[in-house]
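Taking it in order: structure first as structure tokens, then the write-up.
The values are calculated or read from the model by the stated rules, or taken from the named source; none is laboratory data. Just so we're clear, the structure is a prediction, and the values are computed from it rather than from any experiment. Here the Cβ is made from the backbone with ideal geometry for all residues, glycine too, and neighbour counts use every protein chain on show.
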Amino acid sequence: MRDRGVETRYARALMLAAREAGELDGVAESFVGVVAALGQNPALVAFLEGPQVAHDEKTALVRKLFTGRVEATLLHFLLLLIDKNRVQHVADIQREFAAMVEESQGLSRATVVTAVPLPEDLERDLTARLEKLTGRRLLLTKTVDPAVLGGVRVTMGDRVIDGTVRTNLDKLRAQLFRTNVR
């Protein structure tokens, strides 16, 4: 079970430390690489999480693997996660940290679902309109789902703008059903 409090606290602490050290962008990029490396090496994760492994062995391995490859702030943060037995949360912390970095940079993520791949000109127009609407720069993730039939559905955080043919047909069907029931 995810503990959002842990991810948020640790991500916020890393954010403050990286910003203070002037390493925010570098730490954000390196942290993605660290999580990817851990994801590709389950034996390493088991070693770092294992209660049977001495603390000194874990920290020595992390120092050996990451010294000179990641920013000092991130290295110290990884050592802190080992000290506090929080290595199992590293991927969730990284996701929360990345979201905080994007937020601080005025970026937002949006998912766009269309029935067919979105042409570049329409993507640019949609992005411009959404940026004007939100007042933020957007990073679009595009998904194709033939079930929408046509139109577009945009999800930004907890906000959904649904202009799909499927949704409009469903609304029309419900309205006709309510009219016929009376």
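Output the residues belonging to the stretch 138-149 that are in a strand (DSSP E or B) and either polar (S, T, N, Q) or surrounded by 13 or more Cβ atoms within 10 Å (Cβ to Cβ) (or both).
The answer is LEU138, LEU140, THR141, LYS142, THR143.
Quick check, is GLY39 touching an Asp or Glu at 6+ places or on another chain (Cβ under 6 Å), without any contact (Cβ under 8 Å) to a residue 60 or more places away in the chain and within 30 Å of GLY157 (Cβ to Cβ)?
Details: touching an Asp or Glu at 6+ places or on another chain (Cβ under 6 Å): no; without any contact (Cβ under 8 Å) to a residue 60 or more places away in the chain: yes; within 30 Å of GLY157 (Cβ to Cβ): yes.
Judged against the criteria, GLY39 is not a match.
Which of the numbered conditions does ARG4 fail, given that it passes all the others? Conditions: (1) in contact with a strand residue (DSSP E or B) (Cβ under 8 Å, 6 or more places away or on another chain); (2) closer than 17 Å to ALA99 by Cβ.
If we test ARG4 against (1) in contact with a strand residue (DSSP E or B) (Cβ under 8 Å, 6 or more places away or on another chain); (2) closer than 17 Å to ALA99 by Cβ, just (1) comes out false.
Can ALA91 be described as in contact with a strand residue (DSSP E or B) (Cβ under 9 Å, 6 or more places away or on another chain), hydrophobic (A, V, I, L, M, F, W, C) and under 29 Å from GLU29 (Cα atoms)? Outline the logic, then answer.
Values: in contact with a strand residue (DSSP E or B) (Cβ under 9 Å, 6 or more places away or on another chain): no; hydrophobic (A, V, I, L, M, F, W, C): yes; under 29 Å from GLU29 (Cα atoms): yes.
So ALA91 fails the test.
Among the residues of the stretch 66-116, write down those that are surrounded by fewer than 19 Cβ atoms within 10 Å (Cβ to Cβ), without any contact (Cβ under 8 Å) to a residue 24 or more places away in the chain and in contact with a helix residue (DSSP H, G or I) (Cβ under 7 Å, 6 or more places away or on another chain).
Residues satisfying the conditions are THR67, LEU79.
Of the conditions (1) under 25 Å from the mean Cα position of the chain (by Cα); (2) modelled with pLDDT under 90; (3) assigned to a helix (DSSP H, G or I), ASP125 clears all except one; give me its number.
All conditions are met except number (2).
Restricting attention to the stretch 43-58, and to residues there that are within 26 Å of ALA28 (Cβ to Cβ) and either touching a residue at least 24 places away in the same chain (Cβ under 8 Å) or touching a Phe, Trp or Tyr at 6+ places or on another chain (Cβ under 8 Å) (or both), which single residue is surrounded by the fewest Cβ atoms within 10 Å (Cβ to Cβ)? Spell out the reasoning first.
Within the stretch 43-58, the first condition is being within 26 Å of ALA28 (Cβ to Cβ), and the residues that meet it are 44-45, 47-49, 58.
Those still in the list that are either touching a residue at least 24 places away in the same chain (Cβ under 8 Å) or touching a Phe, Trp or Tyr at 6+ places or on another chain (Cβ under 8 Å) (or both) too: 45, 48-49, 58.
On the way: VAL45: 17, LEU48: 22, GLU49: 15, LYS58: 20.
That would be GLU49.
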